[in-house]
Amino acid sequence: MTTHVLQFVELSDRDRKAAKDFAKPGKGDHVEVRIRRKSGEDQVVRLPPKAAALIETALGRLLQGERVAVLAEDQELSPNDAADILGISRPLVVQRMDSHDLPFRYVGKHRRTKLRDVLALKSQMDARQAALKALVEDAENVAPRDGAGPAKTSKSAGSASNRGSAPKNVDQIVLGTTNAPYRRTISSTDLVARIASRDWQNWIAHVVTFFTEVRPELVLQFARRHAISTRDLTAAYRSMKSATGETNPALERALERLA
């Protein structure tokens, strides 16, 4: 059984209402903690500014109804804890460990990774996703979606040029999403081969990301561009789902409509 090190704290509605009049400390204010001992004696501890700022931030989040956990950067986390922070599943965390994207060590038979390495990976993932979002927004004016009208054209480019670049942009967006979380990148040729053969080899994490993170319309466009039939695409998705437990309800609905 995996032990969770990450322990979240949250306030009840009653506690939040009781503390709603908390005023944010101003410049020059000092923060003190008052402890009432069982003996009735009071002990007052004056907090250094950085400690006060940490408590202020944590309390502010709690009062907004958020869950808060405080950990040291050297704290070692289980794959489940890392998954909670990264917002991905445990199997994908393990894949990142195996592909050397996330440093870890074994404690007995259990994997452990440091919080600072998890946060570094999250920062990389967020940066890649931001770059990919910008790419998608730019490419959406070129690559038409299923059932959409003609692609928009810019004043400086002809319609023929736009039509010719659309397939390339589909592959670029799909591979951008599929490869974003990983150092090792899969090519469109390898991705097509994995989907068609359902032989994941060492690419299971990329295949999972393709099926779960890429927009369904782009998955379908990519499959059509590379002559992957709906039947083979559906079989590959079901195989991935059975092997990993990962799902994409939106893609499932799209495949059902095409069946």
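What follows is calculated from the coordinates using simple rules that are stated; it is not laboratory data. Computed from a prediction, not measured in an experiment: that's the story for all the values here. Using ideal geometry, Cβ is built from the backbone for each residue, glycine included, and neighbour counts are taken over all protein chains shown.
A few remarks follow.
- Extended-chain gain in nm, criterion 0.36 nm per residue less alpha-carbon gap, Phe8 and Ala58: 16.9 nm
- Pairwise FRET efficiency - Arg184 versus Val45, Cβ, R0 = 41 Å, nearest 0.05: 0.25
- Ranked packing of 209-220, 228-239, 84-95, most packed first, by mean Cβ within 10 Å: 209-220, 84-95, 228-239
- Modelled spin labels at His100 and Gln129, positioned 7 Å past Cα toward Cβ, are 2.6 nm from each other.
- Efficiency of FRET between Ala120 and Ala259 - r from beta-carbon atoms, R0 45 angstrom, step 0.05: 0.60
- Based on Cα contacts under 8 Å between residues 6+ apart, the range 44-134 shows a relative contact order of 25 percent.
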